[in-house]
Structure formats: C-alpha cells, structure tokens
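What follows is one structure encoded as structure tokens, with my remarks underneath.
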Amino acid sequence: MKTSLKNKIICILLAVVLFGLSGFAILRPKGEYSASERRLLAQLPPVSVKTLLSGTFMSEFEEYTLDQFPLRENWRTLKALANKYFYNKSENNGIYELNGYFADGQYPLDEESMAYAVKVFNSVYDRYFAEGEYNVYFSLIPDKNYFMQEAADQLCIDYDRYKEIVKTELSRFDYIEIFDTLQLDSYYKTDTHWRQEKIQPTATRILSAMNAENAVLQSYEIKELDVPFYGVYYGQAALPVASETIFYADADRFANVKVYDHENRKEIAVYDFAKADGKDPYEFFLSGPLSLVTIENPNAKTERELFLFRDSFGSSIAPYFIDQYAKVTLIDIRYLASSMVGNFVKFTEGSDVLFLYSTMILNASNALK
C-alpha cells in the first residue's frame, strides 16, 4: 500500500513537471535573438500539407524546440560547467580555454581553402595592379591559437606553412612579417580580434615596411568605452565569464577626418558609438563590416594613398594609418566581389596597396569573392 502511494506521488510530481514545462514552453514569449550566440533563434515553422509530406516541418520544428527550450541559456551553462569540471573536457562546443583566454581550434590547415584564397588575391593583383606602378604588400595576422595551442595541449596548425604558401604563391606581393609584434594579450579574451590599444607596434611595423615617412606613430589618448564587451567565444563557450573592456586610441585631429561609407552612402565616424551599443560592440571601430570605406585626412603627413584590402581586423588598425595617408580606402571583398571593385574604386599609380588578412579567413576563404 505504501509502495503504491509512493508510486502515485512520483507519477503526479513527474506529470506536474512535464506538463508544467510544456505549458511554460508554449505560453512563454518566444525569443528572437540569442545575444550570447549572436544569431537569430528558430521560430515556429508554418504548417502545410507540403511541409508535412516533405518532412521539412518536423526538422524545422525540432530546431524550433531546441532554440526555444525553457531556461535554455541556463542549461547551456550547466552543460559547459559539467564538461569542464565533471568530465574534465578540454573544450566545449569546439571552444577551449587557457588562462582565461578562449579560442576556437583551427586545426587542421585547409590547403584547399588556402589555394582558393591565393587564387582570389592573385586575380585581384592581375586585374588591378599588374600594369602600372603600385607598391603591393601582404601581411598575415595570426589567430589567437598561435599563442595558445601548444601550452593548451591542442593540435597545432603549422603556421610556418601559412607563411610558406603566402610567400611562394603570392610572390609578387612584398610580405610584411608581424607575428613577432603580437602576443596573447594583444587579443580579447573572449573574442577573435586583436585589441586596438595593443597593436601600435604592429601598425608601426607595417608602416615602416611600406616606407611611410616617419613611421613612428603620433600620440593618441587611450580611452575606455563604457560598454561591457562579450566576444563571440563568450556565447559559444557558454561559461560564466566576466565582461571585457574595449579601449580605443583617440585624437582630437580625428575630428577633421572625413570618413565615408559607400555601401550605405553616408558619412560615418572613426568610432561609431551607436554600434557600440549594438549586437557586436567591436563594430564600434569604423562601423564594422562594410564593403567600401574611404578615410580622407586633409592634415596628413603626405599626399599618398593607401588601399587596404582587409577583413574585420582591419577596422581597428586602420585609424593608426590615418596620419600617414591623405586617403585610406578600405575594401572588403567578403561583401564586394573583387571583380566589381574597379567599378567603385579608382586606383592611383604610385599608391600603397596592403592585403591584411587573418589566418582564420584564409582557412575559411569561401567568404572571399
């Protein structure tokens, strides 16, 4: 009798939990965006005879239930903590940690992706710079794994192979070595990107290699952005990690600089405070991923021009180039097809041309057009 009563109580409690969670899942407001993962959440798919017969409804409904599960973020954190402290796993969701720094293991080096990237860059060179006098450079930005993998006992990409491919296959480009100007604390702990206040030696190395006049950087005031920064790895790792602070190199002389966003046809600022309050505060630097931006400085040291083919790392280093060039043009061929660049950009002979790309982009070069 006691056993029967005990079983009934357990069944009732189980039913309350199951139906309670189900009711909560159905009635609660549905999330549209995951700030930690920086992506849109799946929504309830439309029901029709076609989607039911094809099976797409059930597959999309499964994604919907996973994305809209009650207390989803709490469960993700609990799973990550269990993986780290109970199962002693070195990574969670492909993200590993070393001394508070998080990274996405980039192993192995994708030779096919590198070959495609080389093809794109050589195509750009042939199309725009093979004829005429241009100073064309290439610089490779190491991802954070370069400083972490060995100490964290992770499989390591052969970064010397990266350099070998670039130097051999892009032999018409003058290679600028910057690996030794960086270290682990040059990067945000929870993000892929480098910290602007830490890369002045890197900017100086690049400017010196491009024979900039008096490549010593002018003085800047390092300011703190009053917005908590959680990088892309924060959400992927799903661990309770403190926010970071974005610092930026400001100067009164930037007030005289004209920055134009050709994609949206409007003037912008060197630092976009509205973007700092958005989904990705790193977009504070030159308004983030834009296909074509020009920066004109009437008080530059020279009349020279710089054409910077770049990925997102270029947004935060470009302000250091403003003093040296009368005009800096930032071109992102992830968003503007390389074959179309000539329709929007007039390349001036005698100018400097810098291809500045992270190893992460080269290892996933399908983004290049």
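Read-outs throughout are calculated quantities, based only on the coordinates presented, and are distinct from any laboratory measurement. Values in this document were obtained by computation on a predicted structure and should not be read as measured data. Note that each Cβ is placed from the backbone with ideal geometry, even for glycine, and that neighbours are counted across all protein chains shown.
With θ taken as phi - 60° and the Karplus curve 6.51 cos²θ - 1.76 cosθ + 1.60 applied, the whole-hertz 3J(HN,Hα) list for the range 153-168 is 6, 9, 4, 9, 6, 7, 5, 5, 5, 3, 5, 4, 4, 4, 5, 7 Hz, x standing for glycine and proline.
Coupling constants for the range 338-343 follow from the phi torsions by the Karplus curve (6.51 cos²θ - 1.76 cosθ + 1.60, θ = phi - 60°), and in residue order they are 4, 5, 9, 4, x, 6 Hz; glycine and proline get x.
Across the range 221-282, Cα-Cα distances exceeding 13 Å account for 70% of all pairs. The phi torsions of the range 134-146, fed into the Karplus equation with coefficients 6.51, -1.76 and 1.60 and a -60° offset, translate into couplings of 9, 9, 10, 10, 9, 10, 9, 9, x, 6, 4, 4, 4 Hz, rounded to whole numbers, with Gly and Pro shown as x.
Between the listed residues TYR233, TYR159, TYR248, the Cα displaced farthest toward the positive end of the dipole of the range 101-367, a dipole computed from Cβ unit charges relative to the Cα centre, is found at TYR248. Farthest towards the positive end of the charge dipole of the range 101-367, among the residues PHE284, SER316, VAL345, is the Cα of VAL345, using unit charges on the Cβ of Lys, Arg, Asp and Glu. Each semi-axis of the equivalent ellipsoid for the range 124-245 is √(5λ) with λ an eigenvalue of the Cα gyration tensor; in descending order they amount to 31, 21, 13 Å.
Pairs of alpha carbons in the range 101-367 separated by more than 32 Å make up 19% of all such pairs.
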